[in-house]
1. How many Å² of accessible area per residue for region 215-340, probe 1.4 Å?
2. Residue separation times 0.36 nm, minus the C-alpha to C-alpha distance between residue 411 and residue 34: what's the value?
3. Counting each DSSP H run of 4 or more residues in the chain as -39500 (n - 2.57), what helix-only mean residue ellipticity at 222 nm follows after dividing by all residues, to the nearest 500 deg cm²/dmol?
4. From the square roots a ≥ b ≥ c of the eigenvalues of the alpha-carbon gyration tensor of the chain, which class results: rounded (a/c under 1.5), prolate (a/b over b/c), or oblate?
5. With a sphere of radius 11 Å drawn around the Cβ of residue 83, what net charge do the other residues whose Cβ falls strictly inside it have (Lys, Arg +1; Asp, Glu -1)?
6. Give me the mean projected area, in nm² to one decimal, of the convex hull enclosing the Cα positions of region 210-348.
7. Using the basic label-point model (7 angstrom from Cα toward the beta carbon), what is the residue 224 to residue 172 distance in nanometres?
8. For the chain, build the charge dipole from Cβ charges (+1 Lys, Arg; -1 Asp, Glu) around the Cα centre, then report which of 339, 396, 252 sits farthest towards its positive end.
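The values are calculated or read from the model by the stated rules, or taken from the named source; none is laboratory data. Only a predicted model underlies this, so the values are computations on that prediction, with no experimental measurement involved. Glycine gets a Cβ as well: all are built from the backbone with ideal geometry, and neighbour counts include every protein chain shown. These accessible areas exclude ligands, DNA and RNA; they are computed on the full protein's heavy atoms, side chains included. Shrake-Rupley method; radii C 1.70, N 1.55, O 1.52, S 1.80 Å.
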Amino acid sequence: MSRWSRLSPIPPPGELRTLALATLANTVGSGLWLTGGALYLTRDVGLSPASVGAGLTLAGLVGLTASVPLGALADRRDPRTLRALIQLGQALAAAAYLLVGSFPVFLAVAVLEMLLASGNLAVRAALVAAVAGPQGRVHAFATLRAVANLGIAVGAGLAGFALAADSHLAYQVLVAGNALTYLLSAALLLRLPAHPPAAGGGRGPGGGRRNGALRPGTALRDVRFLAVSGASAVLALHWTLLALVVPLWTVTRAGAPPPVVSAVLLTNTVLTVLLAVRLGRGADDATRAARSMRRAGLVLAAAMLLYAATAGLPPAASVTLLLAATAVYTFGDLWHGTAGAGLAYDLAPPDAIGAYQGVDGMLAGLSRAVGPALLTLLVLDGGVPGWLAVGAVFAGVGLATPALTRWALANRQPARPATGDRPAAPV
């Protein structure tokens, strides 16, 4: 095996590789848009930063409503075909940004984009479960996480050319490039075999169906699942910390020069690509995933302490500690991601993977929606005590997750094993 084969997150030939290549194509476009989208809307279209922020926030909240219905649809239809159709819709929505010339048009396009994006995440989770089965779905999730980070990094690098040119044509090419990546992703998805539901109505451990699909609203009424998923959503606030709070803290409170922000984010990206699959092991069932979530909460709490300690340090010491804190953070981030996937898959009924993943994604989306306002107020305005408060919350949630998981498992009906399969449970 070559050095590249050992380091590359792309899996060996097979269905998972096809899914990984579709993810890579999709996330190269994500990197393009995440890096250049805001500048396109403000510098080229002419919208104000405040209107862009307000529009994206509103669109994100509206988009959450599609998560559960489309996830439930993936339980009753072939998730491969459904996801490919959603990605075609996303290509049209991404291309529609070329037509934006006013705030109302921008808001309409953003709402459509967020509805499709939210539903796509739930359908993707159902497709991963159908492709990988109960024994391999968490490993597949970790693999796709590493591939996604690689794709975003490539897309961000390509977007740099458009930002350097800072011209109307360059921004138009960036937007069109994002749209084309959705088309490529959809074409790759259609190379996968179909995973249609069997006549019984519920998807079984190997991607088949069990008798009688649950109603979509069942997932929203499963209080024990909501408690575990809600705990994961609280820990998911760390995504906002890295993307928004840490960069601002770096230049305002830690006294580091602005280029250090890129070094911090690059540290997280590189470690994620290299370690996501390795750290994703051991979270295949709910009990082990809960222990991994506890570990994630404690490690993330430790990272908060390290970030807090950068306040007032000399620049060299501050930069060193920022990079060390980000390395520690990344371990917690990766353990949280795979633990959340393991819990969401294993605590759901086998015939409702999409619906339960939709609920899990909706709660994580709410966390992302409230995170910016909450954490900037708490940390950037509160300083070191704010970091300590966030760390205490992360540690407390991590420590509480195993007990919440045992409570959820106590109420779970054991799946009836099919011939040749071991019992398993989803989302």
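1. So region 215-340 comes to 39 Å² accessible per residue, rounded to a whole number.
2. Using 0.36 nm per residue and subtracting the Cα-Cα distance, I get 131.6 nm.
3. Taking each H run of at least 4 residues, the total per residue is -25000 deg cm²/dmol.
4. Taking the square roots of the gyration eigenvalues as a ≥ b ≥ c, the chain is oblate.
5. Charge balance near residue 83 sits at +2.
6. On the way: hull surface 38.1 nm².
The number I arrive at for region 210-348 is 9.5 nm².
7. Placing both labels 7 Å beyond Cα along the Cβ direction yields 5.8 nm.
8. 339
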